[in-house]
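Peer 1: Submitted below is the structure of interest, expressed as structure tokens.
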Number of protein chains: 2
Amino acid sequence: MRVIRLEEIRQALTSVDVLAEIAAGFVAYSRGEAVVPPVGELVLDDPPGDVHIKYGYLRRGDSYVIKIASGFYDNPKRGLPSSNGLMLVFDQQTGAPHAVLLDEGHLTDLRTAAAGALAARHLAVHPVQRIGIVGTGIQARLQLELLREVTDCRSVMVWGRRAEALESYREDMTAKGFDVATTLDTGELAGSCDLIVTTTPATEPLLRVADVRPGTHITAVGSDTADKQELEAAILGRAEVVVADSIAQCRERGEISQALRAGFVTEEEVVELGAVIAGTAPGRSSSQQITVADLTGVAVQDIQIATAVVRSLASE
Amino acid sequence: MRVIRLEEIRQALTSVDVLAEIAAGFVAYSRGEAVVPPVGELVLDDPPGDVHIKYGYLRRGDSYVIKIASGFYDNPKRGLPSSNGLMLVFDQQTGAPHAVLLDEGHLTDLRTAAAGALAARHLAVHPVQRIGIVGTGIQARLQLELLREVTDCRSVMVWGRRAEALESYREDMTAKGFDVATTLDTGELAGSCDLIVTTTPATEPLLRVADVRPGTHITAVGSDTADKQELEAAILGRAEVVVADSIAQCRERGEISQALRAGFVTEEEVVELGAVIAGTAPGRSSSQQITVADLTGVAVQDIQIATAVVRSLASE
């Protein structure tokens, strides 16, 4: 078994078309070509932490993938990142372990950002006028970076709770070629941005339905549990198009689960990202519609990015 | 993260008291000190194979362990063992990956054999007169080897379906100091052995209640699914003591699940191995009783053996 460390993974990624891999994964998933059992969970009470095990394979693929991702929320006090993780790639014919990717959670971050870029490509009104980013963390940065692949827009407004974090974000993303304004008011952001990405672990809505203008696309990536919520549920009721990365998963967690429980949408109104990408489900049909994509993270993304990295290294 | 290959694992095991580690694990498990979520399962239809993910931790321990074990039944045609597997050890405080143990399934084989030895230590009539082994595979060998730690008996009768496999078993175990007779008749085996270990993947009972004599202890390790069965269910009805490695698990799979469904035992009559070892549940109370231990394999065994190997290597 090959052990692949983060530096080598980053190098291999330079020759991987991440968006194409993730798009193919969503299409296969929505066609029922992926086997993705329920997520395994291990909760550690004291100290606080939780571990998720996501796994599966594509029928007619070469590999199966098991991802272990952890969040230990006291880690920053120890000078460690709260997230950690690794992915294991096995041979689908023999069960032999091929590789362990010690990605420290980077591949998860990247495949999540790639899903956001795909949602924007297929659902935003193009050309995008201004990008709104809610949050200032790793995902707030990566989402913006990957949006470069689907839009020429470089005008950005970022929302955060702390001026310091906003300034740091502004500096970093300005260095990457964006023109970044900051705000402490999500209403101001919604008033000037037509492509909004929310990336926070909020448990109370940050974005209000009254502030969202016609023609806006919103991608919500922060909420991946039954408790977290970034969007007022009425936004999903107001939206003409509501897209889930996985309908099965969004039933249980994320913004869509909140809106279903509150009665703002019915499951029949929700379409899957893979079907939108494949053109078998309707996406946006007018520049005045509001569209929402709720991304909770699906194992098929892990399968795709892990096998792409291993394939890239094998072909060197 | 440290990558530990089989050769190094075998070396580390020479300074591990496997029986003591597994015994402590069962005791902790039966006291409710282990967190062991439901087993994750991935089934690959074509080619045939299945993957089990067992994971958990001991409260007040240092680590959590995730084991991936696979069985791909066409592998022998390719000259590969059907079983494969690895174990991952993580820091319970931070989630950081400590080690991957590329044990190729050996630690699972060993912890299973250790459980059999513990059952024999606590439930067989000592001194044992003759050991009966049902089956001729890896587990049939390892069970006998580990019984050396709990009994001085070296007289053995082995049952198998094929004379060739029996002869090979006889040769191998004779070289390890046992006096081995062979038989094609489990009735003959039950008639002369008072400690019987069944190790096959049979789906029809091999051992009949009419053949089992008073004073016999039987450990059944082969059946780990709802379908497999090595013992006529009436044997568990006849037995005065029925022991499960995990009552929760034996409800769903193994010999006890068969006997529960057939009405030969009730769940209240079943005691756990960890409680017997700790002395908090009754084991054998007379040399005339029949006792049965049903071992389906519990993640706490994986936790114990994996952390013991890592600890042994760290203290070198």
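Every read-out reported here was derived from the displayed coordinates using simple, explicitly stated rules and does not represent laboratory data. Note that this is a predicted model, so its numbers are computed, not measured. With ideal geometry, Cβ positions are generated from the backbone for all residues, glycine too; neighbour counts draw on all protein chains shown.
Peer 1: Nm distances between the label at B:Arg2 and the same-position labels in the remaining copies, 7 Å along Cα→Cβ, shortest first?
Peer 2: 2.5
Peer 1: Let me ask something additional. Which distances in nm, rounded to one decimal and ordered from shortest, link the label point of B:Glu268 to the equivalent label points in the other identical copies, with labels set 7 Å from Cα toward Cβ?
Peer 2: Output for B:Glu268: 5.0 nm, nearest copy listed first.
Peer 1: Measure off 7 Å from each Cα along the Cα-to-Cβ vector at A:Ala181 and A:Ala262, then give the distance between these two points in nanometres to one decimal.
Peer 2: Roughly 2.7 nm, to one decimal.
Peer 1: Take a quick pass over chain B and tell me how many lysine pairs come in under 27 angstrom between Cα atoms, counting only ones 8 or more apart or on separate chains.
Peer 2: Summing the qualifying lysine pairs gives 5.
Peer 1: Whole-Hz Karplus ³J(HN,Hα) for the stretch A:131-146, in order, using 6.51 cos²θ - 1.76 cosθ + 1.60 and θ = phi - 60°, x for Gly and Pro?
Peer 2: 9, x, 10, 9, x, 9, x, 4, 5, 4, 6, 5, 4, 5, 4, 6
Peer 1: Also, I was wondering about something else. If you put a point 7 Å past Cα along the Cβ direction, how far is that point for A:Lys176 from the same point in each other copy, in nm, smallest first?
Peer 2: The projected label point of A:Lys176 is separated from its counterparts by 5.8 nm.
Peer 1: Here is a further query. Any chance you could list the semi-axes, whole Å, largest first, of the equivalent ellipsoid that the Cα gyration tensor gives for chain B, using √(5λ)?
Peer 2: 30, 22, 20
Peer 1: Pull up all non-local amide H partners of A:Gly85: gap of 5 or more, or a different chain, and H-to-H distance under 5 Å with H placed in the peptide plane.
Peer 2: Residues meeting the amide H criterion: A:Ser70, A:Glu104, A:Gly105.
Peer 1: Shape call for the stretch A:104-252 from the C-alpha gyration tensor, a ≥ b ≥ c root eigenvalues: rounded (a/c under 1.5), prolate (a/b greater than b/c) or oblate?
Peer 2: Verdict is rounded for the stretch A:104-252.
Peer 1: Nearest 0.05, what FRET efficiency do B:Glu240 and B:Glu188 give at R0 = 30 Å with Cβ-Cβ as r?
Peer 2: Taking R0 as 30 Å, the efficiency between B:Glu240 and B:Glu188 is 0.80.
Peer 1: Continuing with this model, one more query. All other residues with a Cβ under 11 Å from the Cβ of A:Arg311 taken together, and with Lys, Arg as +1 and Asp, Glu as -1, what is their net charge?
Peer 2: -3
Peer 1: Label-point separation (nm) for B:Arg121 and A:Arg2, each offset 7 Å from Cα along Cα-to-Cβ?
Peer 2: Calculated label separation equals 4.4 nm.
Peer 1: So how far, in whole Å, is the C-alpha centre of the stretch B:4-41 from the one of the stretch A:106-152?
Peer 2: 44 Å
Peer 1: Once both axes come from the Cα atoms, what is the angle between helix B:18-30 and the longest principal axis of chain B, in degrees from 0 to 90, rounded to 10?
Peer 2: Its long axis makes an angle of about 90 degrees.
Peer 1: Could you identify which residue out of B:Ala306, B:Ala24, B:Ala262 has the top mean-square fluctuation in a GNM of chain B using Cα springs shorter than 10 Å?
Peer 2: B:Ala262
Peer 1: Mind checking Rg over Rh on the stretch B:1-128, alpha carbons, Kirkwood formula for Rh?
Peer 2: 1.00
Peer 1: Given the protein assembly as shown, what whole percent of its Cα pairs are spread farther than 31 Å?
Peer 2: Roughly 56 percent, rounded to a whole number.
Peer 1: Now for a separate question. Indicate the gyration tensor shape class of the stretch B:68-119 (rounded, prolate or oblate), computed on the Cα atoms with a ≥ b ≥ c the square roots of the eigenvalues: a/c under 1.5 is rounded; otherwise a/b larger than b/c is prolate and the rest oblate.
Peer 2: oblate
Peer 1: How big is Rg to Rh over the stretch B:56-148, alpha-carbon atoms, Rh as the Kirkwood inverse-mean-distance radius?
Peer 2: Ratio of gyration radius to Kirkwood radius: 1.08.
Peer 1: Quote to one decimal, in nm, the extra length available between A:Ala248 and A:Tyr73 on full extension: 0.36 nm per residue of separation minus the C-alpha distance between them.
Peer 2: Full extension of this stretch gives 60.2 nm more.
Peer 1: Once label points are set 7 Å from the Cα along Cα→Cβ at both B:Glu33 and B:Arg59, what is their separation, rounded to one decimal in nm?
Peer 2: For B:Glu33 paired with B:Arg59, the spin-label model returns 1.0 nm.
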